[in-house]
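Before any comments, here is the structure.
Nothing in this text is a laboratory measurement; each read-out follows from the coordinates by a stated rule. No experiment lies behind these values; they were computed from the predicted model shown. All Cβ positions, even for glycine, are placed from backbone atoms using ideal geometry, and neighbour counts span all protein chains on display.
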Amino acid sequence: MSKAHGAESIHWDLSDLYEGPNDPSLIRDMDGIIARADSFASQWKGRIASLSPAEFREALQAYEGLMDLGSKIGSYAYLNWSTNTEDAALGKLLQQSSELGSELNQKLVFFDLEWLALEETEARKHIDAPELAFYRHYLISSRKYKPHMLSEAEEKILSAKSVTGARSWVRFFDETLGAARFTFEGEPLTEQQVLSKMHAPERETRQKAAASLTAGFRELSRPLTFIFNTLLADKSTNDKLRGYPSWVTSRNLSNEIKDETVDALVEAVTEAYPLVQRYYRLKTKLLGLDEMRDYDRYAPLAQNETVVSWQEARKMVLDAYSGFHPKMGEVAGYFFEHNWIDAAIRPGKRGGAYSASTAASVHPYVFMNYDGRVRDVQTLAHELGHGVHQYLSRERGPLQAGTPLTTAETASVFGEMLVFRDLMGTLTDPKERLALLCSKIDDSIATVFRQISMNRFENAIHTARREKGELTTQQFSELWMETQTALYGDSVKLSDDYGIWWSYIPHFLHSPGYVYAYAFGELLVLSLYEQYRTQPQGFADRYLELLHAGGSESPEALTARMGVDINDKAFWQAGVALIGKLIDEAESLAAEVQFGA
Ligand SMILES: [Zn+2]
């Protein structure tokens, strides 16, 4: 285990949701929500076509009330379980809430269907009605699903069967990796514990960690391959039933973005792969290696990386946020003051980090595994960015608070950038500056280039599963190596062991098509940050408005407000060029510094 840093005792207080799994109000809400949905249905079912705008607003408000309660129950169950995935009682509660969510969906599906069934001219009357101005964006964007919705009976069956179908497989994946132990120097460690050693300064540690993970993934390759195949086939079936032409169409639709915009982004990034290779050649030199291996990619430049205490991390993030805009600092402060963060690492806790918006009537919670490294500070800044965004957009209500994934990363990546620039400002030693700069470039490469290479992998496996049927572990590994070799060229030597490293990445299963949104968010933020740097006048206020807007406007409209055109490939290329500038900066700093000596 690593040195003490003070986050060992940072556990969240979920009592704003519920006091515990046996809280009478949780039991009451779980028992009562279906009855509430029934009375909602008896009041509105069959009537949507004949409602006045004022009545439709009343129905929408009641609908939102049910959504809010459903989210409150569902997020409580998920949050609680994710801190202890080995607790059977919490697993049971999660499953119960998932079954309940599906039952709720089935009761409410008529509402969407009746709204979508309206003829365009009828729907227009509601969309343009002043009484419904608050819901305007929701009304417009939900209509885009019209061609892909099935009948009420079919929707109910799909929803009911998904509980024991796709959703169960995803949970089985999470629990399989959560319960897995990886042997490291004779000790059984969790996936997260070993993954964190991939960032160790000592090469031997990284190499051993990589070998330990490879062995563990190989041992699990049978269930993992099976889970991947099953979920790929499940998605293919759904897409066919709903008439989506490709594996990514439904994701682009929910991201509220055109297929061509995504193509422009992917092209701009893949064309710039040589930039990544240039960086890894520099990093190989700086690390004093004769060749860079896959387990060297995240090696820090600074030896003896210092441990950042939880208190220091808290101060760094809050100072950076407040310096940008007092409101950002104030809202981020609530998370610490009211225990809305779970940061301690412990066995059975799910890996990674997230910020859960929970219910619009409550507030978000942040989940992470804090290990005292500088990158954990960046993760904290990242998740709190989400947290602030989710907190501010709650006023848009359950239907419009959430952003599509495309703009979901705006505040998180911007928050990281603020902390990074603050840190750079405090350092004077060129060696330390270079180390920090390289860690930022590492992150940007991981967020933009690695995610796009993973998008290429996703594209390959979904397409292959549809065209060739079930894939073997070997076939997955080949597609993985192909898409990864395209990215790294000869700048990183990928061992055969690396072939199995697709199998633990949760995004592929949790949210197919997700990963390009990271590249979208990072490049968008790099451009916005450049704007803030060069024309700071009024920027922070405009930016806060953007966060407040949540998902009440399309990404295209929101970013246009900031003077950005996401449909233009040149915009993405300019974002990529900013990473090139960071690499230039690193190359010139490297010329001043003797490293690896
Ligand atoms: Zn994020």
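If the only charges are +1 at each Lys and Arg Cβ and -1 at each Asp and Glu Cβ, what is the size of the charge dipole of the chain around the Cα centre, to the nearest 20 debye?
Values: 62 positive and 83 negative charges, 104 e Å.
Dipole size: approximately 500 debye.
Aspartates and glutamates near LYS327 by alpha-carbon distance under 20 Å, same-chain residues fewer than 8 away left out - which ones?
Partners within reach: ASP319, GLU337, GLU383, GLU395, GLU409, GLU416, ASP422, ASP541, GLU545.
Please report, largest first and rounded to whole Å, the three semi-axes of the ellipsoid equivalent to the chain, where each semi-axis is the square root of five times an eigenvalue of the C-alpha gyration tensor.
Numbers: eigenvalues 302, 149, 129 Å².
For the chain, the semi-axes come out at 39, 27, 25 Å.
Compute the Kirkwood hydrodynamic radius of the range 29-98, taking the inverse of the mean of 1/r over all pairs of distinct Cα atoms, and give it in Å to one decimal. Mind showing how you got there, number by number?
Details: mean 1/r = 0.0724 Å⁻¹.
Hydrodynamic radius (Kirkwood, Cα pairs) of the range 29-98 is 13.8 Å.
Which residue, chosen from GLY563, LEU232, GLY70, occupies the Cα position most advanced towards the positive end of the dipole of the chain, where the dipole is computed from +1 (Lys, Arg) and -1 (Asp, Glu) charges on Cβ about the Cα centre?
Projecting each Cα onto the dipole axis, the largest value belongs to LEU232.
Which lysines, if any, have their Cα less than 29 Å from the Cα of LYS45, not counting same-chain residues under 8 positions apart?
Hits, sequence-local ones excluded: LYS72, LYS107, LYS125, LYS144, LYS146, LYS156, LYS161, LYS240.
With +1 assigned to the C-beta of every Lys and Arg and -1 to the C-beta of every Asp and Glu, and no other charges, what is the dipole magnitude of the range 8-164 about the Cα centre in debye, to the nearest 20? Before the final figure, lay out each step's value.
On the way: 16 positive and 26 negative charges, 122 e Å.
It comes to approximately 580 debye.
Counting Lys and Arg as +1 and Asp and Glu as -1, each charge on the Cβ, what is the dipole of the range 275-360 about the Cα centre in debye, to the nearest 20?
On the way: 12 positive and 10 negative charges, 50 e Å.
Around 240 debye, computed over the range 275-360.
With Cβ to Cβ distances under 13 Å as the rule, what net charge do the other residues near HIS325 carry (K, R +1; D, E -1)? Kindly include the intermediate steps, with their values, before the conclusion.
Numbers: positive: LYS327, ARG542; negative: ASP319, GLU330, ASP541, GLU545.
Around HIS325, the surrounding residues sum to -2.
Once both axes come from the Cα atoms, what is the angle between helix 569-592 and the longest principal axis of the chain, in degrees from 0 to 90, rounded to 10?
Helix 569-592 and the main axis of the chain meet at about 30 degrees.
At a Förster radius of 25 Å, what calculated FRET efficiency corresponds to the Cβ-Cβ distance of GLU545 and THR249, to the nearest 0.05?
Numbers: r = 31 Å, r/R0 = 1.25.
Working from the Cβ atoms, E equals 0.20.
In degrees from 0 to 90, rounded to the nearest 10, what is the angle of the helix 203-219 Cα long axis to the longest principal axis of the chain?
40
With each run of n ≥ 4 DSSP H residues scored as -39500 (n - 2.57), what mean residue ellipticity at 222 nm is computed for the chain after dividing by its residue count and rounding to the nearest 500 deg cm²/dmol?
Details: 26 runs with 382 residues, N = 597.
Taking each H run of at least 4 residues, the total per residue is -21000 deg cm²/dmol.
Using only Cα atoms, tell me the angle between helix 24-44 and the longest principal axis of the chain; keep it within 0 to 90° and round to the nearest 10.
For helix 24-44, the angle is close to 50 degrees.
If packing is taken as the average count of other Cβ atoms within 10 Å, what order do 336-343, 143-150, 361-368 fall into, highest mean first? Please list the in-between numbers first.
Working: 336-343: 18.9, 143-150: 14.4, 361-368: 21.5.
Descending mean neighbour count gives 361-368, 336-343, 143-150.
Quickly work out the ALA570-to-ALA89 label distance, labels modelled 7 Å from Cα along the C-beta direction, and quote it in nm with one decimal.
About 6.3 nm separates the two model spin labels.
Output ³J(HN,Hα) for the range 117-133: one whole-Hz value per residue in order, computed from phi by the Karplus curve 6.51 cos²θ - 1.76 cosθ + 1.60 with θ = phi - 60°, and x for Gly and Pro.
With the stated coefficients, the range 117-133 comes to 6, 4, 5, 3, 5, 5, 4, 3, 4, 6, 4, 8, 6, x, 4, 10, 4 Hz.
Can you list the residues, at least 5 places off or on another chain, whose amide H is less than 5 Å from the amide H of THR183, using H built in the peptide plane?
The list, which skips near neighbours in sequence, is LEU189.
Relative to a virtual label point 7 Å from the Cα of THR164 in the Cα→beta-carbon direction, which members of the range 66-110 show backbone nitrogen distances below 20 Å?
Only 91-107 fall inside the zone, counting backbone N under 20 Å.
Counting other beta carbons within 10 Å of each residue's own, what order do GLU522, GLU256 fall into, fewest first? Walk me through the numbers on the way to the answer.
Values: GLU522 28, GLU256 22.
So the ranking, lowest neighbour count to highest, is GLU256, GLU522.
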